[in-house]
Amino acid sequence: MTDPTQGRAFLIVMDSVGIGGAPDAAGFFNGDVPDSGANTLAHIARARPLAMPHLDALGLGAALRLASGQDAPGLGAAPQGLWGAATEVSPGKDTPSGHWELAGVPVPWDWHYFPDTRPSFPADLSRRIAAAAGTGGILGDEHASGTEIIARLGDEHLRTGWPICYTSADSVLQIAAHEEAFGLERLYSLCVEVAAMVHPMRVGRVIARPFIGGPGSFARTPNRRDYAIAPPGDTLLDAAMRSGRVTHSVGKIGDIFSHRGIGAEHKGKSDADLAAQLLTLAETAEPGSLTFANFVEFDSLYGHRRDIEGYARALEWFDGVAGQVMARLRPGDLAIFTADHGNDPSWTGTDHTRERVPVLGWGLGPRAIGQVGFVDVAASIAAHLGLQPVGPGKSFL
């Protein structure tokens, strides 16, 4: 085992890069279509071959074949790193479920989902949101795409001042408001109040969705903020901080974990910004530290929008980033590249898809770990860092 006072750990989540094969996929749906057969990576590669030499060299194509028995054009390298596939047990296919379980804490409850009706929210909740906003009501109150509902209701929002509230197939309540007319800090404060209303209902997140512009030219800004329910137990981040280790979060990790166990947060306006932050940390992060990163644009820009070509380009771009990260790591470091769920852009609907995810590791040489659990990722990183065991997982190191 590496010296825990020197070896660092990097847990890097490629948001929604699933590899098919989840054994319980038939119990998860997009509309009335079960997720059986969804396979984010394979279906993108079949649309056009992928050039991902760095992650494929670790074992990406091999992990796909292990998880689902499927091949992906362009991904056929013999694995030179740690490789396997992980299966989730939490009753959800969303961001908090996947990240918490990767950090050692499966979700012990069923999430609350708002029905796909109009109105979608209970009348009393809508009244309470309006009261917190100081307005006569709310707009939206339905399942919707964020860009679509802002384009449709942005003008009325400017005229009335009422916040635009909507949801999706996830356990989430999103609030959109104009940064200038409504006010960014006012939107954040509203989301804090609404989070306190809905977290006891087991709604996973309240998301602030600020936008700017005028009729016909509304555009969301990078100032999104997530207010997530706190994890139900101590996570890998908590264990690292309790042991005196430095922890770094890149992207929305801090929001997902309610800023618990987080030492330094590194934000950006885009995944390109986050890549620059991660590359810096690969060179400068402290001995024995934990860096936990999320790259969300696979999911937010391409998966939900069912943009196969955009997703493919993002994967190839990120493979270049991964290569640069690995080139900057030190002897004794461990880097794990994985995902939190699927979001097959070839699938029906716009929701996430229930899939296994790849587990690819740099720092230990060739090592096939087979089928593992999400929680085993946390146990393995804890073992590498010399921390007390985290959660129910077993180390694959």
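Listed values, structure above:
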quantity	calculated
Spin-label zone in region 219-255 - amide nitrogen under 15 Å from a point set 7 Å from the Cα of SER300 along the C-beta vector	219-228, 250-255
Highest-first arrangement of 78-85, 378-385, where packing means the average Cβ count within 10 Å	378-385, 78-85
Among GLY154, GLY303, GLY204: highest mean-square fluctuation, GNM of the chain, C-alpha pairs under 10 Å	GLY154
Under 12 Å from LYS252, Cα to Cα: aspartates and glutamates that are on another chain or at least 8 residues apart	ASP15, ASP226, GLU265, ASP271, GLU297
Calculated SAXS-style log₁₀ I(q)/I(0) at q = 0.06, 0.07, 0.10, 0.12 Å⁻¹ - the chain, Debye, Cα scatterers	-0.22, -0.30, -0.63, -0.90
Rg/Rg_ref, region 159-230, where Rg_ref = 2.2 N^0.38 Å and atoms are Cα	1.09
Furthest towards positive pole of dipole, ALA78, GLY342, PHE211, structure part the chain, Cβ charges	ALA78
Per residue solvent-accessible surface (Å²) - the chain, probe of 1.4 Å	36
Percent accessible area from carbon and sulfur atoms, the chain, protein chains only, probe 1.4 Å	54
Computed log₁₀ I(q)/I(0) - Debye formula, equal Cα scatterers, no solvent, region 268-352, q 0.26 Å⁻¹	-1.32
All-pairs alpha carbon distance profile, region 349-397, 10 Å steps from 0, percent	23, 47, 21, 9, 0
Net dipole in debye of the chain [+1 Lys, Arg Cβ; -1 Asp, Glu Cβ; about Cα centre; nearest 20]	380
Principal axis dimensions, region 30-177 - Cα atoms, whole angstrom, descending	62, 35, 28
Degrees between helix 146-160 axis and first principal axis of the chain (Cα, 0 to 90, nearest 10)	30
Under 5 Å, built H, 5+ apart or other chain: amide partners of PHE10	THR291, LEU334, ALA335, ILE336
Rg and Dmax [Cα atoms of region 229-289; Å; Rg one decimal, Dmax integer]	12.0, 33
Rg over Rh [alpha-carbon atoms, Kirkwood Rh] for region 217-364	0.96
Whole-number D in µm² s⁻¹ for region 168-284, Kirkwood Cα-pair radius fed into Stokes-Einstein, 4 °C, 1.567 mPa s	82
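The values are calculated or read from the model by the stated rules, or taken from the named source; none is laboratory data. Please read these numbers as outputs of a predicted model, since none were measured by experiment. Neighbour counts run over all protein chains shown; Cβ positions are idealised from the backbone, glycine included. All accessible areas refer to the heavy atoms of the entire protein, side chains included, with ligands and DNA or RNA removed. Shrake-Rupley method; radii C 1.70, N 1.55, O 1.52, S 1.80 Å.
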